[in-house]
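The values are calculated or read from the model by the stated rules, or taken from the named source; none is laboratory data. Small disclaimer: the values here were computed from a predicted structure and weren't measured. Glycine gets a Cβ as well: all are built from the backbone with ideal geometry, and neighbour counts include every protein chain shown.
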Amino acid sequence: MEKLWTGRFSKRLDDKANDFNTSLPFDMRMYKQDIEGSIAHAEMLAKQGIISEQDGMDITEALKKLLYEIESGITPIKGEYEDIHSYVEGVLTERIGDAGRRLHTARSRNDQVAVDLRLYLRDECLEIENLITELIRVITDLAQHNIDTIMCGYTHLQRAQPITFGQHLLVYAFMLLRDLDRLRDCKRRINVSPLGSCALAGTGFPIDRVYTAQLLGMEGVSENSIDGVSDRDFVAELAFVISMVMMHLSRFSEEIVLWCSWEFKYIELDDSFSTGSSIMPQKKNADIAELVRGKTGRAYGNLITLLTMLKGLPLAYNKDMQEDKEAIFDSVDTVKAVLEVFSAMIASIHVNKENMRLAAARGFINATDGADYLVSKGMAFRNAYKVMGEIVALCIERGKTLEELPLEDYKAFSELFDKDIYKAIELEKCVSKRNSRGGTSPQSVREQISIIKKLLSE
């Protein structure tokens, strides 16, 4: 197969070097974007009179036909081509001759691969955006069904204060909303056309870069031709955004794994999203959540790969940049697969409300409310804090909860205590009174759900 860069060389590329150099096995997934970019380029060349109108039409028609054939399976992508760009140009030239050879006028593979990658990642961003949105909806729906479900809120993995399961779930919805915002912002920077930058210095042909960008639905053009071909910051940025998504899902997965354990038993995953053991018959493992947690490291690794690849590159284009594709492709594939299965897994969750409430009742998590009670009676908070700490110690010694401790024992610590202390430390009361904006009360959780639904509808 004749290389695009023949003429200067007297020897063919060594077979091992050729295999090492080729990127077709992994960049072939950009065939659609390469053809779309080539069609836009050809139309611009014809409009500007750089190639004839007939050549432009012949190129466009042939490229559209090739796209159809690839997508329908008529023409599989194969052959000893260096990359998807040489494949498309090679097949085009075989079919229409000299007209195909004119396509690359005022274009380099440097700006060609850059626009292909931008178009591809733009399309993938949209898919990821839709998957994140769906997961947020699933989480919000589960939260809506658990607005009144009381559970322990934790700090340092120690029982801290009573909260609602609905509020806890919405934490992840808000995390993902920020991820969604980051993704959309990243997509805006991705959607910039480098076409016309050529190898690095631009071109002397009277091209219309803005017209090409408009044909491709891109929001603008790179304003510096060297910058247009020499950076992959948009790739690294997307890898970072994906890493953030995976980090949030990994944290959620960690909690799911804990909640499914017999030590917690807060939730149970559906059998269709669980696995068993080959030797222990009783086991029901949260393997899907564990895999999500594990694949997060994979996304991090891809981000580090990209940053490391870029960190020492002189301007402009270097072959090192070929290494951007496998890393970002893997991150994209990983996060899409994770988001899809995660939504289905969350939708399958059975919530053990009784277990959650029982754990909350046994953890002295209403001690802060007891201190607040004393403060409402006139005691300084720090003094109230000490009193409740001593009462908790007494309860632990006697094996009682705060609700079970007799009133006379309360009064031994402070005469400010009265029978209304039991109402003050009632878990439902503790939760319902925390109705400050963003708080855990059912009222506040409903408001948070409304905010999320409004943001998703915009």
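Of the residues contained in the range 204-214, one or more are found to be more than 13 Å from the chain's Cα centre (by Cα), buried (at least 19 other Cβ atoms within 10 Å of the Cβ), modelled with pLDDT of 95 or more and not in a helix (DSSP H, G or I). The single condition from (1) in contact with a Lys or Arg (Cβ under 7 Å, 6 or more places away or on another chain); (2) at pLDDT 95 or above that SER72 fails is (1).
With respect to (1) surrounded by fewer than 20 Cβ atoms within 10 Å (Cβ to Cβ); (2) of a type in the set (Ser, Thr, Tyr); (3) in contact (Cβ under 8 Å) with a residue 40 or more places away in the chain, the lone exception for SER86 is condition (1).
Could you list, in sequence order, the residues of the range 292-326 that are of a type in the set (Val, Ile, Thr) and free of Cβ contacts under 8 Å to residues at least 40 places away in the same chain? Before the answer, list the steps.
Of the residues in the range 292-326, the ones of a type in the set (Val, Ile, Thr) are 292, 296, 304-305, 308.
Hits for the range 292-326 are ILE304, THR305, THR308.
The single condition from (1) under 20 Å from GLN214 (Cα atoms); (2) under 40 Å from the mean Cα position of the chain (by Cα); (3) buried (at least 20 other Cβ atoms within 10 Å of the Cβ) that ILE51 fails is (2). Restricted to the range 319-334, and to residues there that are surrounded by fewer than 16 Cβ atoms within 10 Å (Cβ to Cβ) and modelled with pLDDT of 95 or more, the residue that is nearest to LEU142 (Cα to Cα) is ASP333.
Give me a count of the residues in the range 153-175 that are assigned to a helix (DSSP H, G or I) and β-branched (Val, Ile, Thr). Walk me through it before giving the result.
Kept after step one, since they are assigned to a helix (DSSP H, G or I), are these residues of the range 153-175: 165-175.
Then keep just the ones that are β-branched (Val, Ile, Thr); that gives 171.
Here the count works out to 1.
Have a look at GLU61, GLU80, GLU89, GLU71 and point out the one that is outside the structural domain of LEU177 (by TED's automatic domain parsing), within 23 Å of GLY196 (Cβ to Cβ) and not small (Gly, Ala, Ser).
Numbers: GLU61 fails: within 23 Å of GLY196 (Cβ to Cβ); GLU80 fails: within 23 Å of GLY196 (Cβ to Cβ); GLU71 fails: within 23 Å of GLY196 (Cβ to Cβ).
Residue meeting the stated conditions: GLU89.
Within the range 280-301, how many residues turn out to be in a loop (DSSP other than H, G, I, E, B) and either of a type in the set (A, V, I, L, M, F, W, C) or under 15 Å from the mean Cα position of the chain (by Cα) (or both)?
Here is the first cut: in the range 280-301, the residues in a loop (DSSP other than H, G, I, E, B) are 280-284, 286.
Cutting the leftovers down to either of a type in the set (A, V, I, L, M, F, W, C) or under 15 Å from the mean Cα position of the chain (by Cα) (or both) gives us 280, 286.
Summing the residues that are in a loop (DSSP other than H, G, I, E, B) and either of a type in the set (A, V, I, L, M, F, W, C) or under 15 Å from the mean Cα position of the chain (by Cα) (or both) in the range 280-301 gives 2.
Looking for whichever is without any contact (Cβ under 8 Å) to a residue 12 or more places away in the chain and not charged (D, E, K, R) here; the options are ALA360, ALA380, ALA347. Which one fits? Break it down into steps so the answer makes sense when it comes.
Details: ALA360 fails: without any contact (Cβ under 8 Å) to a residue 12 or more places away in the chain; ALA347 fails: without any contact (Cβ under 8 Å) to a residue 12 or more places away in the chain.
The match here is ALA380.
Checking each residue of the range 157-164 against the condition of being under 30 Å from ALA239 (Cα atoms) and at pLDDT 95 or above gives no match. Just the residues that are buried (at least 19 other Cβ atoms within 10 Å of the Cβ) and β-branched (Val, Ile, Thr), please, taken from the range 335-358. Hits for the range 335-358 are VAL335, VAL338, ILE346, ILE349.
SER197: buried (at least 16 other Cβ atoms within 10 Å of the Cβ), outside any loop (DSSP other than H, G, I, E, B) and either hydroxyl-bearing (Ser, Thr, Tyr) or without any contact (Cβ under 8 Å) to a residue 12 or more places away in the chain (or both), yes or no? Step through it out loud before you land on a result.
Numbers: buried (at least 16 other Cβ atoms within 10 Å of the Cβ): yes; outside any loop (DSSP other than H, G, I, E, B): no; either hydroxyl-bearing (Ser, Thr, Tyr) or without any contact (Cβ under 8 Å) to a residue 12 or more places away in the chain (or both): yes.
Judged against the criteria, SER197 is not a match.
Have a look at ILE77, ILE51 and point out the one that is touching a Leu at 6+ places or on another chain (Cβ under 9 Å) and over 28 Å from PRO206 (Cβ atoms).
Values: ILE51 fails: over 28 Å from PRO206 (Cβ atoms).
On inspection, the qualifying residue turns out to be ILE77.
Does ASP227 qualify as being surrounded by fewer than 21 Cβ atoms within 10 Å (Cβ to Cβ), among the acidic types (Asp, Glu) and under 20 Å from LYS187 (Cα atoms)?
For ASP227, the condition - surrounded by fewer than 21 Cβ atoms within 10 Å (Cβ to Cβ), among the acidic types (Asp, Glu) and under 20 Å from LYS187 (Cα atoms) - is met.
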